[in-house]
1. Right, residue 129: farther than 24 Å from residue 32 by Cβ and at pLDDT 85 or above or not?
2. Would you point out which residue out of 45, 51 is at pLDDT 80 or above, outside any loop (DSSP other than H, G, I, E, B) and farther than 28 Å from residue 121 by Cα?
3. Would you please name the residue that is surrounded by the most Cβ atoms within 10 Å (Cβ to Cβ), looking only at residues in the range 161-184 that are at pLDDT 90 or above and under 17 Å from the mean Cα position of the chain (by Cα)?
4. Please determine whether any residue of the range 100-108 is out of contact with any helix residue (DSSP H, G or I) (no Cβ under 7 Å at 6 or more places or on another chain), closer than 22 Å to residue 160 by Cβ, surrounded by fewer than 13 Cβ atoms within 10 Å (Cβ to Cβ) and at pLDDT below 85.
5. List every residue pair whose Cβ atoms lie under 9 Å apart, where the two residues are 6 or more positions apart in sequence or sit on different chains, the first residue falls within the range 44-65 and is at positive phi and surrounded by 10 or more Cβ atoms within 10 Å (Cβ to Cβ), and the second residue, located anywhere, is assigned to a loop (DSSP other than H, G, I, E, B) and at pLDDT below 90.
6. Using the structure shown, decide if residue 116 is modelled with pLDDT of 75 or more and surrounded by fewer than 14 Cβ atoms within 10 Å (Cβ to Cβ).
7. Please verify whether the range 31-38 includes one or more residues that are within 18 Å of residue 119 (Cβ to Cβ) and either touching a strand residue (DSSP E or B) at 6+ places or on another chain (Cβ under 6 Å) or modelled with pLDDT of 75 or more (or both).
């Protein structure tokens, strides 16, 4: 069972789920309405013109391989697609089955998680570097917001270079807001 199989189960879709790497190159999107019995009761009280239930959009993105941040495999495509998501669900192989292919050649879920986190971190470091260069050009103008954002990036970059993921770095609420719309 892999990412696409889980995607099919969650969304009741029937996308291809084959036993080889990069079976699905383009992301598959499935929207699942969240059942909520309270919605009908509320609608009966307020009589809205339309009822729109909450929904979750699931995206099945092709697997990430070691070296993706340098363009290996479908790395650049993967990283561009993953920037658009709000949450990531790691799907790693933890079962023994000789008939199921694995990009790295064998079962090692810890290694697989470390590869994913390392590649995402390397991509985030590159994004922070670019953003710092961009802000460095405009910070001279004296905009307080730009200076504050640059200060946050200057604070997190060394920690990222030490292997710390951004969500694990202790930031104040006002510092974290500068990272809200960025994928790091």
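1. Criteria met by residue 129.
2. 45
3. My answer is 164.
4. No: zero hits.
5. Cβ pairs passing all conditions: none.
6. In short, no.
7. No - not one qualifying residue is present in the range 31-38.
For (1) outside any helix (DSSP H, G or I); (2) under 30 Å from residue 30 (Cα atoms); (3) free of Cβ contacts under 8 Å to residues at least 24 places away in the same chain, each residue gets a yes or a no:
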position: 121; (1), (2), (3): no, yes, no
position: 127; (1), (2), (3): no, yes, no
position: 138; (1), (2), (3): no, no, yes
position: 156; (1), (2), (3): no, no, no
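The values are calculated or read from the model by the stated rules, or taken from the named source; none is laboratory data. The structure displayed is predicted, hence computed values, not measured ones. Neighbour counts run over all protein chains shown; Cβ positions are idealised from the backbone, glycine included.
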